[in-house]
Amino acid sequence: MTEFWLISAPGEKTCQQTWDKLNATTTRNNHLSTNFKFAIPDLKVGTLDVLVGLSDELAKLDSFVEGVVKKVAQYMADVLEDSRDKVQENLLASGVDLVTYITRFQWDMAKYPIKQSLKNISEIITKQVSQIDNDLKARASAYNNLKGNLQNLERKNVTNYLEWEKTYETLAEMVVPRSSKLICDDVDSGLYTVTLFRKAVDDFRLKARENKFIVRDFQYNEEELKADKEEMTRLSTDKKKQFGPLVRWLKVNFSEAFIAWIHVKALRVFVESVLRYGLPVNFQAMLLQPNKKMMKKLREVLNDLYKHLDSSAAAIIDAAMDIPGLSLSQQEYYPYVYYKIDCNLLEFK
């Protein structure tokens, strides 16, 4: 996937002029980024005190919602047990891939009515995403227990034929070479014989355990074997029944959480832009997809373009850029409003 820089700058004579200037500057400089307008509707401003308090609350909400988005995505990967590309196909927002959703972002008026105050909208998002987080914990716990019980039963009943055949002769001395024979098996288990000297039995048993083979005297118990098979069949059936609905739930709620997250980003841009640039509301929100090889140059160009907005921040950035090896942190303050949206949501081991 990729990362985006969501920024805003005050409207010059018009907001279109602000957009044209950014586009021309970043394109002129070796295509530093691909740019998109980011549409934020006319939200209710409220009082200055509310905006200042809300700025801190939205920062915490942003972090919380991002965490839930990543948890749902990661659990989707765990459940599907598939490749990154296959999992990514299921991580959609409003039925489209994440890049398309972000670059064509439109405010969802039905979910987050703009007639509501900014604080109310943030509370709607908090309640919605908290519910997703709680539901995920409950569903993951139930499915993981079922999966774990099935795996334990499979480990108990299924012999690793190849590993056994490779190692049994060397587990101890006095094992007769090529003496182990598979005399019976079915879909669940296999029964092997092995021939060795009687005085080597205890040593063989010990070494087998050290190599994670469970050695025990076998007593045929038809009822016990039947009960194990029935339990495996039941657990396997239950797992298959839960798999489909769980994946559907994950897809739906990943979409909901991701959409909520991008709306939080939009709220943060709006609040911060009003606090920085003042009233009446007059700013252009812009989404930049940086050229990975040109990120440092893009940051320098943006600094040159907007340093007049805040000379103290620009001076700090200029000083930092003159010190080799010193990189600016994600939380660094820039003369323009800036938030990163990182779509790299999955960790594959």
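Okay, here's what the table says:
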quantity: Residue in the range 323-341 that is nearest to Lys307 (Cα to Cα), counting only those that are at pLDDT 50 or above and not in a strand (DSSP E or B); calculated: Pro335
quantity: Failed item in (1) in contact with a Lys or Arg (Cβ under 9 Å, 6 or more places away or on another chain); (2) closer than 30 Å to Asn253 by Cα, with Val68 passing the rest; calculated: (1)
quantity: Residue that is nearest to Leu346 (Cα to Cα) [pool: residues in the range 52-70 that are among the aliphatic types (A, V, I, L, M) and either in contact with a helix residue (DSSP H, G or I) (Cβ under 6 Å, 6 or more places away or on another chain) or buried (at least 17 other Cβ atoms within 10 Å of the Cβ) (or both)]; calculated: Val69
quantity: Test: residue in the range 234-245 that is at pLDDT below 75, in a helix (DSSP H, G or I) and not assigned by TED's automatic domain parsing to the domain that holds Glu332; calculated: yes
quantity: Subset tally (residues that are closer than 30 Å to Lys119 by Cβ and either outside the structural domain of Ile262 (by TED's automatic domain parsing) or charged (D, E, K, R) (or both)) for the range 9-45; calculated: 3
quantity: Inter-residue pairs, beta-carbon under 6 Å, first part of a strand (DSSP E or B) and in the range 171-182, second of a type in the set (D, E, K, R) and surrounded by 13 or more Cβ atoms within 10 Å (Cβ to Cβ), 6+ apart; calculated: Val175/Glu169
quantity: Residue in the range 39-51 that is in contact with a strand residue (DSSP E or B) (Cβ under 8 Å, 6 or more places away or on another chain) and surrounded by fewer than 16 Cβ atoms within 10 Å (Cβ to Cβ) present; calculated: yes
quantity: Residue list for the range 30-55, filter: under 25 Å from Lys340 (Cβ atoms) and free of Cβ contacts under 8 Å to residues at least 12 places away in the same chain; calculated: Gly53
quantity: Scope the range 20-52; condition over 20 Å from Met295 (Cα atoms) and of a type in the set (Val, Ile, Thr); matching residues; calculated: Ile40, Val45, Thr47, Val50, Val52
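The values are calculated or read from the model by the stated rules, or taken from the named source; none is laboratory data. Everything numeric in this text was worked out from a predicted model, so none of it was measured. Don't worry about glycine lacking a Cβ; one is built from the backbone with ideal geometry, like all the others, and counts go over all protein chains shown.
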